[in-house]
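A short worksheet on the structure shown next.
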Amino acid sequence: MDTLERTKVWDINNPSAVRLHRAIAKMLVIDIEPYHVVEKQGFIEMMTVVERRYNIPSRKYFAERMIPQIYEEVCARLTGLLDPDMNWSISFTTDTWTAENTVQSFMGLTAHWLTDAFVNMSFVLDCSPFAGHHTADGLLCAFQQMLSKWNIDSSRCHVVLRDNAANISKCFRIASIPSLGCFAHTLQLCVRDGLLSQRAVSDIVTVSRKLVGHFKHSSSATSRLKELQAELGLPHHQLIQDVSTRWNSTFYMLRRLCEQRRALSVYCSEVDGASCPTAYRWSIAENVVSLLAPFEECTRDVSSDAARIFVVIPLVAILRNILSRYGNDAGVKTLKSSLLESVNERFANIQEEPLYAISSLTDPRFKQKFFTEAVLTTIKANAILAFNGSSSNSGSATATATVTASSTPASLDTESVTLQPPLKKARVENSVLWECMDEVVQSTTGEEQQATSNIETQLAQYLSEPVIARTEDPLLWWRQNKKRLPDLARLARVYLKPPPTSVPSERLFSVAGEVVSDHRSALSPENASRLIFLKYNAKLIDE
């Protein structure tokens, strides 16, 4: 009898078969595999070896039953985490994307908040099909529909991070929902302004593109370059072709060329028609790379998953400091002055934005270190107003202070989640950006404050204490000190959570491009939306 049972094919609803159904469905989601992979001969033979009693269901079974079932389960778990009774205000990022092969538009929405234990929570709420023109009214309607789907009242929206386009900016302005432009996008505009300002820099970029193109279109040239790299003891790296819309790709191109300068010079001396930069242009390229290195590091840091809004004001201050310093700027003086001018212009009022200012103030690594005494008075007033506004709204800290210098979840155990330092990273060798920041933080001290209320008492006590090391985790610090500074901790929990960029939504669409690929052009927008949602919220599957 036992022998018969070990050879009998399982029924599709057999508990053991169902476990394998779910495992395969999870694989399809995590690895972004097309449904038809379950009908391929190699996969079928592999599963026969794994369990000969298992009969793999059709692709239709996974598309119409297993994936929707898992989707509903994950939605239920996420709904529990978003329970309005928890009174957690939420920050969002949003963006739109159009699939090239289907010309179908999608609108993405990611949510970010901190629990009472200062555990960072980030999830994708939606990547829904978007129909019609991308007008402010259309975008707002889609945004409100996504919030409604999750029973999130707009009063719980702390801030929305979006790109700098006029339509999306107007969308949240007419809805009176606080929003901020993507810091990385604005930084890119600053660098673009600088790169276009100096003819000598534009010329070296043009020459570099032509040189890289020569190797990209010639296998023999690439082979010879590899030989020269080996002979000269250089890293075996390929050259990088830049993309005109991404300044950092131009930076990577120039940096790689400077790295391979000796090999390229030898190659150009051997091959007729291969044009190498002159010594003067090489020096310009090296100075451009040195000047843009802090901008590249800054862009990379604020685009990471762990980045939060409290780094924005310190980073802008440090970039200004670096650009104001004397250095080897031969051939790039105009670029340097244009970068400084653009940074000053585009971030002129950044300290007057309470969302940025209060966030930096409540980061125990920075506190008041990047504010003048006059500005600090206004920021502390904003912080107190923001706390009082949140208190009057039953814990929903959506009442953002407007006093400025120029104008008046039971399914997920959040306690067990490992806290990750938002900016904890390996020390970068010769990092001008972070070395300069450490100098600023260590060179100033806190001041004693006259306390007149509970929140003011805690704020004064907090500011009078030394800052913690930059490599330490500010969320862990607040987790350990929230009982000592309860009111200020409540404010910090609101203002420390937003990301500084809309990159979470952009990263969502990079996966969307893999889901809605040429091989899956027949995939319905609804199914595509489910797969994208599950891919990013995979940690909630089988939780």
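Do we have any residue at all in segment 158-170 that's closer than 30 Å to THR278 by Cβ and either of a type in the set (Val, Ile, Thr) or in contact with a strand residue (DSSP E or B) (Cβ under 8 Å, 6 or more places away or on another chain) (or both)? If you could, list the steps in order and put the result at the bottom.
Initially, segment 158-170 is screened for residues closer than 30 Å to THR278 by Cβ, giving none.
No, that holds for no residue.
Against the definition (closer than 29 Å to LEU485 by Cβ, modelled with pLDDT of 95 or more and either among the polar types (S, T, N, Q) or in a helix (DSSP H, G or I) (or both)), how does SER91 come out, yes or no? When the stated conditions are applied, SER91 passes them.
Yes/no per residue for (1) of a type in the set (Val, Ile, Thr); (2) over 30 Å from ASN481 (Cβ atoms); (3) not in a helix (DSSP H, G or I); (4) not assigned by TED's automatic domain parsing to the domain that holds TRP88:
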position: CYS127; (1), (2), (3), (4): no, yes, yes, no
position: HIS133; (1), (2), (3), (4): no, yes, yes, no
position: GLN145; (1), (2), (3), (4): no, yes, no, no
position: VAL159; (1), (2), (3), (4): yes, no, yes, no
position: ASN164; (1), (2), (3), (4): no, yes, yes, no
position: ASN167; (1), (2), (3), (4): no, yes, no, no
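Residue count for segment 476-532, restricted to those that are more than 20 Å from ARG156 (Cα to Cα) and of a type outside the set (Lys, Arg): 32.
Can GLU297 be described as among the charged types (D, E, K, R) and closer than 24 Å to SER505 by Cα?
Numbers: among the charged types (D, E, K, R): yes; closer than 24 Å to SER505 by Cα: yes.
Spelling it out, GLU297 is indeed among the charged types (D, E, K, R) and closer than 24 Å to SER505 by Cα.
Counted as qualifying within segment 268-380 are the helices (runs of 4 or more DSSP H) with 2 or more residues that are under 19 Å from GLY194 (Cα atoms), namely 279-302, 312-324, 333-346.
Scanning segment 308-341 for residues that are in contact with a Ser or Thr (Cβ under 7 Å, 6 or more places away or on another chain) and crowded, with 17+ Cβ neighbours inside 10 Å yields ILE309, PHE310, ILE313, PRO314, GLY331, LEU335, SER338, LEU340.
Listed by first and then second residue, the pairs with beta-carbon distance under 8 Å, at least 6 apart or on different chains, first residue in segment 476-499 and under 9 Å from THR362 (Cβ atoms), second charged (D, E, K, R) and in a helix (DSSP H, G or I), are TRP478/ARG493. Here is a check on your reading of the model: is PRO504 at pLDDT below 65, within 19 Å of the chain's Cα centre (by Cα) and surrounded by 19 or more Cβ atoms within 10 Å (Cβ to Cβ)? So PRO504 does not fit the description; no. Just name the residue that is surrounded by the most Cβ atoms within 10 Å (Cβ to Cβ) out of those in segment 72-96 that are within 25 Å of PRO129 (Cβ to Cβ) and in contact with a helix residue (DSSP H, G or I) (Cβ under 7 Å, 6 or more places away or on another chain). Within segment 72-96, the match that is surrounded by the most Cβ atoms within 10 Å (Cβ to Cβ) is THR93. With respect to (1) outside any loop (DSSP other than H, G, I, E, B); (2) of a type in the set (A, V, I, L, M); (3) within 27 Å of LEU355 (Cα to Cα), the lone exception for ILE468 is condition (1).
Among ILE12, ILE56, ILE24, ILE67, which is the only one that is β-branched (Val, Ile, Thr), crowded, with 16+ Cβ neighbours inside 10 Å, part of a loop (DSSP other than H, G, I, E, B) and not assigned by TED's automatic domain parsing to the domain that holds LEU355? Break it down stepwise before answering.
Details: ILE12 fails: crowded, with 16+ Cβ neighbours inside 10 Å; ILE24 fails: part of a loop (DSSP other than H, G, I, E, B); ILE67 fails: part of a loop (DSSP other than H, G, I, E, B).
Within the list ILE12, ILE56, ILE24, ILE67, the selection yields ILE56.
The values are calculated or read from the model by the stated rules, or taken from the named source; none is laboratory data. Bear in mind the structure is a predicted one, so any value in this text is a computation, not a measurement. Quick reminder, even Gly has a Cβ in these numbers, built from the backbone with ideal geometry, and neighbours come from all protein chains shown.
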